[in-house]
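Worksheet for the structure shown next.
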Amino acid sequence: MRRNAILVSGLALFMLLTFVTPVLAGSPNRTPVTCDDLHTTKIAGPPDVWVTKGGISHIEYYKAWGTIDVKLDGVLVFDNVPWVYIATGTYNSKTMQGVFQYDEIWTLPGGTFEGVAHITLVGGNLQTYKEMYSHIILHGTGNYEGQILSMSFGYTRGVTPAVYEGYWLKP
């Protein structure tokens, strides 16, 4: 009797997983996206900075804005997309490394993408760094509600272009 109950329970669990697994395994529509060709980058004055006795600079407010091109599957879809960010983070003058969080807003026709970029700067200060590594997640609003831009890049000044690559995820 107990053996039958275990068998029936196992069969019920198998049937449940058969119906649930395709739903869990489904992934959002992923379109390759690249964002490059930064235009008209501007910076609002010097950032607010305080330096600890250990030589760590704390950047509390650093605002920049400009435009960027957005390509889907290699095709230019949005030209000169306005963006703005506010950066906060730390910079170690001894190791010449900085770690920052950029709160970003990209404005497209019909809505925005808003979120956070995590940036690491290596080999210089906030403006003279030699390398930059970034990962960004932006969530859509308006016509882009429920959509996500997930991208990253590794940039070496004078060697590689600063190009975000990743996916535009749609439900």
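The values are calculated or read from the model by the stated rules, or taken from the named source; none is laboratory data. It should be emphasised that the depicted structure is a prediction, and the values quoted were computed from it without experimental measurement. All Cβ positions, even for glycine, are placed from backbone atoms using ideal geometry, and neighbour counts span all protein chains on display. Remember, those area values only see protein heavy atoms, side chains included, never the ligands or the DNA or RNA. Shrake-Rupley method; radii C 1.70, N 1.55, O 1.52, S 1.80 Å.
Looking at the structure I just gave you, is Ala117 assigned to a loop (DSSP other than H, G, I, E, B) and out of contact with any Lys or Arg (no Cβ under 9 Å at 6 or more places or on another chain)? In short, no.
Could you figure out which of (1) small (Gly, Ala, Ser); (2) within 21 Å of Lys42 (Cβ to Cβ); (3) in contact with a Pro (Cβ under 6 Å, 6 or more places away or on another chain) isn't true of Gly98? Going through (1) small (Gly, Ala, Ser); (2) within 21 Å of Lys42 (Cβ to Cβ); (3) in contact with a Pro (Cβ under 6 Å, 6 or more places away or on another chain) one by one, Gly98 breaks only (3). Restricting the stretch 127-171 to residues that are among the aliphatic types (A, V, I, L, M) and open to solvent by 30 Å² or more (accessible area, probe 1.4 Å) leaves a set whose member that is modelled with the lowest pLDDT is Ala162. Inside the stretch 56-80, can you point out the residues that are open to solvent by 60 Å² or more (accessible area, probe 1.4 Å) and farther than 22 Å from Ala44 by Cα? Asp73, Gly74, Val75, Leu76, Val77, Asp79, listed by residue number.
The residues in the stretch 131-165 that are at positive phi and touching a Ser or Thr at 6+ places or on another chain (Cβ under 8 Å) can be counted, and the count is 1.
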